[in-house]
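**Q** Structure provided below as structure tokens; questions to follow.
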Amino acid sequence: MSKKTNSVVFMLLATVVNLVLLLALFIIGFVVIGILGAKFPGLQDALPVLILLVFAVAIFGSFFIYSRLVKWVSAKYDLESKLDPIFTPKRNRRNKED
């Protein structure tokens, strides 16, 4: 496989991992809300705020974990030499002959 193909496969797998992380954090957050709601019935008034908090934590948490995971995998398996940048500025592009 070429470097460009490796890059596309890596990005597709990384996107799937990011979506799984996002879904897992959503589920964990809503389970925590359900448990807290069962133990503290007065918490029902704050439910909209808690739902917004779960959404924010899930989105930012998945982005944070995803970025750390990509950096770790890139360093561990030396992906800089195996992947080609998908998007490069026009002045940095190689000639078609290279």
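**Q** Among the residues of the range 75-91, which ones are open to solvent by 100 Å² or more (accessible area, probe 1.4 Å) and either of a type in the set (S, T, N, Q) or modelled with pLDDT under 85 (or both)?
**A** Glu80, Phe87, Lys90, Arg91
**Q** Filter the range 2-27 down to residues that are closer than 15 Å to Lys82 by Cα, assigned to a helix (DSSP H, G or I) and of a type outside the set (A, V, I, L, M, F, W, C) and give me whichever is nearest to the chain's Cα centre (by Cα).
**A** If we take residues in the range 2-27 being closer than 15 Å to Lys82 by Cα, assigned to a helix (DSSP H, G or I) and of a type outside the set (A, V, I, L, M, F, W, C), then Ser7 is nearest to the chain's Cα centre (by Cα).
**Q** May I pose another question? Give the residues of the range 32-74 that are among the polar types (S, T, N, Q) and open to solvent by 60 Å² or more (accessible area, probe 1.4 Å), sorted by residue number.
**A** First pass over the range 32-74, keeping only residues among the polar types (S, T, N, Q): 44, 62, 67, 74.
Across the range 32-74, the qualifying residue is only Gln44.
**Q** May I pose another question? Within the range 48-62, is there a residue that is under 21 Å from the mean Cα position of the chain (by Cα), under 28 Å from Lys3 (Cβ atoms) and part of a helix (DSSP H, G or I)? I'd like the intermediate steps shown before the answer.
**A** First, the residues of the range 48-62 that are under 21 Å from the mean Cα position of the chain (by Cα): 51-62.
Then keep just the ones that are under 28 Å from Lys3 (Cβ atoms); that gives 62.
Those left that are additionally part of a helix (DSSP H, G or I): 62.
Among the residues of the range 48-62, at least one is under 21 Å from the mean Cα position of the chain (by Cα), under 28 Å from Lys3 (Cβ atoms) and part of a helix (DSSP H, G or I), which makes the answer yes.
**Q** A follow-up question, please. Do you know which of the residues in the range 1-31 that are of a type in the set (Phe, Trp, Tyr) and closer than 18 Å to Leu53 by Cβ is least open to solvent (accessible area, probe 1.4 Å)? Walk me through how you get there before you give the answer.
**A** The initial filter retains those residues of the range 1-31 that are of a type in the set (Phe, Trp, Tyr), namely 10, 26, 30.
Right, trim to closer than 18 Å to Leu53 by Cβ and you get 26, 30.
Working: Phe26: 40, Phe30: 85 Å².
Looking at the filtered set, the residue picked out is Phe26.
The values are calculated or read from the model by the stated rules, or taken from the named source; none is laboratory data. Nothing here was measured: the structure is a model prediction, and the numbers come from that model. Note that we place each Cβ from the backbone using ideal geometry, even for glycine, and neighbour counts take in every protein chain shown. The area values use the complete protein model at the heavy-atom level, side chains included, leaving out ligands, DNA and RNA. Shrake-Rupley method; radii C 1.70, N 1.55, O 1.52, S 1.80 Å.
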